[in-house]
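Please see the structure below; I have some questions.
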Amino acid sequence: MRVDPETLILRTLLDGEAYAQQIIDAIHERSAGELSICMGTIQPTLARMYDEGLLSRAERDPDDSEPHSGRRRMYYQLAEKGRVRTIRNEIVLLRLLS
């Protein structure tokens, strides 16, 4: 199954902020392994979505509950424009499925 990476990212971030690897893991887990996205796809997609105002981001140290290599991570969350697009996409999908 192929799904637009933007749609997957938007839906994943509806649940709260995450960094790229967390987004990748969440997509894989929620789809029971049916969907995957690679780092080479997610990084430029996140950058484009940030530039378009769909996401906000903040670079910071990972918290102590997360495994990490000591380097800072870029955490992404939905901006209002991204939240509106996500909800609109879900309404369209529900209409298609009904």
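Values in this text are rule-based calculations from the coordinates and carry no lab data. Only a predicted model underlies this, so the values are computations on that prediction, with no experimental measurement involved. Every residue, glycine among them, receives a Cβ derived from its backbone with ideal geometry; neighbour counts consider all protein chains shown.
Could you work out the relative contact order of region 5-97, using alpha carbon pairs under 8 angstrom and six or more residues apart, expressed as a whole percent?
33
Explain nothing, just the number: dipole magnitude of the chain about its Cα centre with +1 on each Lys and Arg Cβ and -1 on each Asp and Glu Cβ, in debye rounded to the nearest 20.
That gives the chain a dipole magnitude of about 360 debye.
Determine the calculated [θ] at 222 nm for the chain from helices alone, applying -39500 (n - 2.57) to every DSSP H run no shorter than 4 residues and normalising by the residue count; nearest 500 deg cm²/dmol.
Calculated mean residue ellipticity at 222 nm is -16500 deg cm²/dmol.
What does the net charge come to around THR12 if you take all other residues with beta carbon closer than 15 Å to its beta carbon, with K and R at +1 and D and E at -1?
Charge balance near THR12 sits at -3.
Sticking with this structure for a sec: Regarding the chain, what whole-number volume in Å³ per residue does the convex hull of its Cα atoms give?
Looking at the chain, the number lands at 111 Å³ per residue.
Around GLU29, under 15 Å between beta carbons, what's the net of Lys plus Arg minus Asp minus Glu among the other residues?
For residues surrounding GLU29, the net value is -1.
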